[in-house]
Amino acid sequence: MTRLTAVIIFTVSFFNSSAQKFFTLDSCKNQFDKNNLLLLAEQFNISAARAAVIQAKIWEQPYLSGELNAVNQQDKKLFDAGANGQKSFAIQQLIYLGGKKKKEVEFAKSNVAIAELQFEQLLKNLQYQLGQNFYSIFFDQQKVKNIEVQSQELDRLLCAYEVQAEKGNVPLKEVVRLQTLVLGLKNEKSNLQKEISQQQQELQLITGIGEFITPLAIEQ
């Protein structure tokens, strides 16, 4: 597991919820604008109005300097679980996810033109990551559904072969072959579910949505 993956998993643990809601790609973009755009812009000393202009250009065609203290100095809570501590940490990871580093952001603050260029690049990277995760989740979920259907059919066939093998009507090697196929499908499903989980966590982080996101690939 990479450092970034581990951090993202920890970061979005507070986002996880048993609730499930359907989102289109546009609605995910809107949630990013609503929940994270201005917080990211603040890190580059960019005004809300200017951030909106830059974002509008990005949508048409994560480094936040917020610090995560191991202990909140005000109430001495370990890994501040309050809304402010959580959000600051989440924005910090958004900037890392967008390919930026703290020193780059600090340097950009000293020059308006540089800050806007860095901010624009960050938004482009996050837009790409958002779309990639959105569609990866969608297609991987379809694969999981297909595997489940195949697994059910193979399970029924395997049961029938096992009965016939006990009667001597089917060679044991055929039973073993089916068992191997069933195991292979289970492993493939497990790997896909792990990928979906990681992609889901990153998508929740980018959008700031605190629910399990089920992608709707076709706009309603």
Could you identify the single residue in L178, L172, L158 that is more than 19 Å from A51 (Cα to Cα), loosely packed, with under 14 Cβ neighbours inside 10 Å, touching a helix residue (DSSP H, G or I) at 6+ places or on another chain (Cβ under 7 Å) and at pLDDT 85 or above? L172
Output yes when any residue across region 110-129 is open to solvent by less than 20 Å² (accessible area, probe 1.4 Å) and either at pLDDT below 85 or over 24 Å from A56 (Cβ atoms) (or both), and no when none is. no
So A165 fits all but one of (1) within 25 Å of K145 (Cβ to Cβ); (2) touching a Leu at 6+ places or on another chain (Cβ under 6 Å); what number is the exception? (1)
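Return yes when S151 is open to solvent by less than 30 Å² (accessible area, probe 1.4 Å) and of a type in the set (S, T, Y) and no when it is not. Before you say what the answer is, go through the steps one by one.
Values: open to solvent by less than 30 Å² (accessible area, probe 1.4 Å): yes; of a type in the set (S, T, Y): yes.
It is true that S151 is open to solvent by less than 30 Å² (accessible area, probe 1.4 Å) and of a type in the set (S, T, Y).
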State which residue is nearest to the chain's Cα centre (by Cα) when the search covers only region 211-220 and only residues that are modelled with pLDDT under 90 and exposed (fewer than 15 other Cβ atoms within 10 Å of the Cβ). A217
Name every residue in region 180-213 that is under 22 Å from Q150 (Cβ atoms) and of a type in the set (S, T, N, Q), in order of residue number. T180, N187, S190, N191, Q193, S197
Scanning region 165-220 for residues that are touching a strand residue (DSSP E or B) at 6+ places or on another chain (Cβ under 6 Å) and not β-branched (V, I, T), which turns out farthest from Y135 (Cα to Cα)? E211
For S65, the lone unmet condition from (1) open to solvent by less than 30 Å² (accessible area, probe 1.4 Å); (2) modelled with pLDDT of 85 or more; (3) more than 18 Å from Q204 (Cβ to Cβ) is (2)
Any residue at all in region 196-209 that is part of a helix (DSSP H, G or I) and either of a type in the set (G, A, S) or open to solvent by 60 Å² or more (accessible area, probe 1.4 Å) (or both)? yes
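The values are calculated or read from the model by the stated rules, or taken from the named source; none is laboratory data. All of these numbers come straight from a predicted model, not from anything done at the bench. When we count neighbours, we look across all protein chains shown, and the Cβ atoms used for this are built from the backbone with ideal geometry, even at glycine. Note: areas computed on protein heavy atoms with side chains; ligands, DNA, RNA excluded. Shrake-Rupley method; radii C 1.70, N 1.55, O 1.52, S 1.80 Å.
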